[in-house]
1. Looking at (1) under 30 Å from Ser407 (Cα atoms); (2) part of a loop (DSSP other than H, G, I, E, B); (3) at pLDDT 95 or above, can you tell me which one Asn6 breaks?
2. Checking Leu116 against (1) over 21 Å from the mean Cα position of the chain (by Cα); (2) in a helix (DSSP H, G or I); (3) buried (at least 18 other Cβ atoms within 10 Å of the Cβ), only one condition comes out false. Which one?
3. Considering only residues that are free of Cβ contacts under 8 Å to residues at least 60 places away in the same chain, touching a strand residue (DSSP E or B) at 6+ places or on another chain (Cβ under 6 Å) and not in a helix (DSSP H, G or I), which ones fall in region 280-310?
4. Just the residues that are in contact with a Leu (Cβ under 9 Å, 6 or more places away or on another chain) and either within 15 Å of the ligand (Cβ to nearest atom) or at pLDDT below 95 (or both), please, taken from region 98-110.
5. Under 8 Å between Cβ atoms, which residue pairs at least 6 apart in sequence (or on different chains) link something in region 235-256 that is among the acidic types (Asp, Glu) with a partner that is modelled with pLDDT of 95 or more and part of a loop (DSSP other than H, G, I, E, B)?
6. Filter region 70-97 down to the residues that are part of a helix (DSSP H, G or I) and away from the ligand (no atom under 16 Å from the Cβ), then identify the one that is farthest from Lys229 (Cα to Cα).
7. Within region 313-352, how many residues turn out to be in a helix (DSSP H, G or I) and among the basic types (Lys, Arg)?
8. In region 175-212, which residue that is hydroxyl-bearing (Ser, Thr, Tyr) and within 9 Å of the ligand (Cβ to nearest atom) is nearest to Gly150 (Cα to Cα)?
Amino acid sequence: MSTNLNGKGIKNSIAELAILGGSPAFDKTLHVGRPNIGNRQRFLERVNDMLDRRWLTNNGPYVQEFERSVADLVGAKHCIAMCNATVALEIAIRSLGFTGEVIVPSMTFVATAHALQWQEITPVFCDIDPVTHNLDPRRIEQMITPRTTGIIGVHLWGRPCDLEAIAEIAQRHNLKVLYDAAHAFGCSYRGRMIGNFGDAEVFSFHATKFFNTLEGGAVVTNNDELATKIRLMKNFGFVDYDEVIYIGMNGKMNEVSAAMGLTSLESLEEIVAINRRNYRQYQQELADIPGLKLVTYDESEQCNYQYIVMEIDEDVTGVSRDLLNKVLHAENVIARRYFYPGCHRMEPYRSYFPHAGLLLPETEALVGRVMSVPTGTAVGSDEIGKICQIIRTTVTHGVELQQQLLSQKFALSNAPVMAAKL
Ligand SMILES: Cc1ncc(COP(=O)(O)O)c(C=O)c1O
């Protein structure tokens, strides 16, 4: 079902597409992950109070309140706020004693792998389930060697991993489990909030996430001992003014970030409601396009709906994901090919493991067909309608579009010859 939109920027024919010379549908660029911002006044009040207090960082009152609020929301015992999720992953990895090899998906943001490699732990890339886009438990066991010490699952797009299967494998092989829950704040699995699974879970509150603290992240765990260790490690290992008992680093969250987090928490439901509305609109408007499939969420669970991800089957649409991406960029819609080309095809992993792709057929196929489009509070219903119409026009007239692009290219490459003949 398509929206019957009339007006500026509605592209009903390919001749109107910017890639063929039409004017872009949007004057300003639309981005994936444009920040959601809570009540500005509340945020500024908090920042003012912070300046009056002159307590800017080092476990300030906002950080303490933010940690309690996140732990309460998730229903977990401990939340340790950090400066970002990459550092939180690094500290969690270290505190869990991971060494040797750790199994991770390649279909993730590169920080998941980097957090291991940074500490000279080898990320062993495991294939995913093409339906869930998460680690395929059937493949995990094949990747275990005597050097394996752990598994890092990623709840991609906020959709939980197969938590029971992973727990069972980990128990059988005596492995620790960490979840990269960068996408999954506010999501649940069988009624239990993400943040309660594995040995620990890591959230990202980066500006592009649906809930942000400018930059930020957190480790959440129900393990008291681990929480104590992580808390010390994120503060150089200090237990007292002059006493250090672990190697540590500076992973602290500052007070401005925590003020932003506390303010955004007050708008959390509103942001999720907007994301859900946007998701439903995309779902409705793209439903009947053959070869185009929207990644769906289990609405019986809590979801944050922060990613609108589509899979494009070129064999059916006749249009590749990359062409559709270019069409959208020309219209000032900066769609993203998350997480192309997969960590295993990025450095240093590409050089270390040049043949990793042989064991990652589903990952290799998926990175070629996924695309994320803008959502969040910065995107309105009219804009989504226009984006969907651009996609519909492109896919419906894909063959014709490709022919026209080819003839344009041909005309351009022959332009000097033609000019010489005239
Ligand atoms: C899956 C995943 N892991 C880790 C990160 C790193 O998060 P941060 O930017 O907070 O360091 C991201 C961030 O964008 C991510 O998408």
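The values are calculated or read from the model by the stated rules, or taken from the named source; none is laboratory data. These figures come from a predicted structure and were not determined experimentally. Don't worry about glycine lacking a Cβ; one is built from the backbone with ideal geometry, like all the others, and counts go over all protein chains shown.
1. (3)
2. Looking at each condition in turn, Leu116 falls short on (1).
3. Those that are free of Cβ contacts under 8 Å to residues at least 60 places away in the same chain, touching a strand residue (DSSP E or B) at 6+ places or on another chain (Cβ under 6 Å) and not in a helix (DSSP H, G or I): Lys293, Leu294.
4. Val102, Val104, Pro105, Ser106, Met107, Thr108
5. Note: pairs meeting the criteria are Glu255/Trp55; Glu255/Leu56; Glu255/Thr57; Glu255/Gly60.
6. So in region 70-97, the residues part of a helix (DSSP H, G or I) come out as 70-74, 85-95.
Applying the additional criterion that residues be away from the ligand (no atom under 16 Å from the Cβ) yields 71-74, 95.
Working: Ala71: 17, Asp72: 21, Leu73: 23, Val74: 21, Ser95: 7 Å.
Filtering first and then ranking leaves Leu73.
7. Step one: of region 313-352, the residues in a helix (DSSP H, G or I) are 314-317, 321-330, 343-345, 349-352.
Cutting the leftovers down to among the basic types (Lys, Arg) gives us 321, 326, 345, 350.
Residues meeting the conditions: 4.
8. Narrowing region 175-212 to residues hydroxyl-bearing (Ser, Thr, Tyr): 179, 188-189, 204, 208.
Filter once more, keeping what is within 9 Å of the ligand (Cβ to nearest atom): 204, 208.
Numbers: Ser204: 21, Thr208: 28 Å.
Checked region 175-212; the qualifying residue nearest to Gly150 (Cα to Cα) is Ser204.
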